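Peer 1: Once you've had a glance at the structure underneath, I'll fire off some questions.
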Amino acid sequence: RMRRSDEAKRWFSEAEWDLESARILHESRRYNSSAFLCQQSAEKCAKALLYSVGESPFGHSVLELLERFGEASGKDLSELRSLAAELDRHYIPARYPNAIPSGSPHEYYDQIVSQRALQYAARILDYARRHLA
């Protein structure tokens, strides 16, 4: 049976990988895919935090996962709430045409939105890196 710290490390490692992949997509001007991978990175990061305190990491909402971690750990995560909520907004609309009124998701994403998603995901990973150290 894997120790919870090992499982947390596995999830955090994948979160770092996703964030680096998001940066590559951003540089290639694939802004919607970059924003989605930022959400994925933060989600895996939040799951790593939950594993670190022995909680089960079910769900896809970064905000909800971080709130559950906050409750389980007694930590104040208010600084991350708006970042998590913003990243959660990229979970479906960044990928599916029927999540937006017309056109395709890639037409709705630009460098500014993608850059902000990268910054927000990086801040959540920085928080987790300090906690998991």
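The values are calculated or read from the model by the stated rules, or taken from the named source; none is laboratory data. Being a predicted model, the structure only gives us computed values, none of them experimental. Positions of Cβ are generated from backbone atoms using ideal geometry, with glycine treated the same way; all protein chains shown enter the neighbour counts. In case anyone asks, the SASA skips ligands and DNA or RNA and just uses the protein heavy atoms, side chains included. Shrake-Rupley method; radii C 1.70, N 1.55, O 1.52, S 1.80 Å.
Peer 1: I'd like the full set of residues that are among the basic types (Lys, Arg), open to solvent by 30 Å² or more (accessible area, probe 1.4 Å) and out of contact with any Ser or Thr (no Cβ under 8 Å at 6 or more places or on another chain), limited to the range 20-64.
Peer 2: Narrowing the range 20-64 to residues among the basic types (Lys, Arg): 23, 29-30, 44, 47.
Filter once more, keeping what is open to solvent by 30 Å² or more (accessible area, probe 1.4 Å): 23, 29-30, 44.
Result: 29, 30, 44.
Peer 1: Between residues in the range 19-34 that are farther than 19 Å from residue 129 by Cα and residues that are of a type in the set (Phe, Trp, Tyr) and in a loop (DSSP other than H, G, I, E, B), which pairs lie under 7 Å by C-beta distance while being six or more apart or on different chains?
Peer 2: 31/109; 32/109
Peer 1: So in the range 90-133, with the set limited to residues that are among the hydroxyl-bearing types (Ser, Thr, Tyr) and part of a helix (DSSP H, G or I), which one is farthest from residue 15 (Cα to Cα)?
Peer 2: Here is the first cut: in the range 90-133, the residues among the hydroxyl-bearing types (Ser, Thr, Tyr) are 91, 96, 102, 104, 108-109, 114, 120, 127.
Next cut, part of a helix (DSSP H, G or I) only: 108, 114, 120, 127.
Details: 108: 25, 114: 17, 120: 13, 127: 13 Å.
Result: 108.
Peer 1: Does the range 63-75 contain any residue that is over 10 Å from the mean Cα position of the chain (by Cα) and among the basic types (Lys, Arg)?
Peer 2: Scanning the range 63-75 turns up at least one residue that is over 10 Å from the mean Cα position of the chain (by Cα) and among the basic types (Lys, Arg).
Peer 1: Taking interchain pairs and intrachain pairs at least six residues apart, which have beta carbon atoms under 9 angstrom, with the first residue in the range 80-108 and open to solvent by 50 Å² or more (accessible area, probe 1.4 Å) and the second part of a loop (DSSP other than H, G, I, E, B) and among the basic types (Lys, Arg)?
Peer 2: So the pair list comes out as 106/30.
Peer 1: Checking residue 33 against (1) in contact with a Phe, Trp or Tyr (Cβ under 9 Å, 6 or more places away or on another chain); (2) polar (S, T, N, Q); (3) at pLDDT below 95, which single condition isn't satisfied?
Peer 2: Result: residue 33 fails condition (3) only.
Peer 1: Also, I was wondering about something else. Kindly check whether there is at least one residue in the range 109-132 that is in contact with a Gly (Cβ under 9 Å, 6 or more places away or on another chain) and over 22 Å from residue 3 (Cα atoms).
Peer 2: Within the range 109-132, the first condition is being in contact with a Gly (Cβ under 9 Å, 6 or more places away or on another chain), and the residues that meet it are none.
Within the range 109-132 (the criterion being in contact with a Gly (Cβ under 9 Å, 6 or more places away or on another chain) and over 22 Å from residue 3 (Cα atoms)), the answer is no, since none of the residues qualifies.
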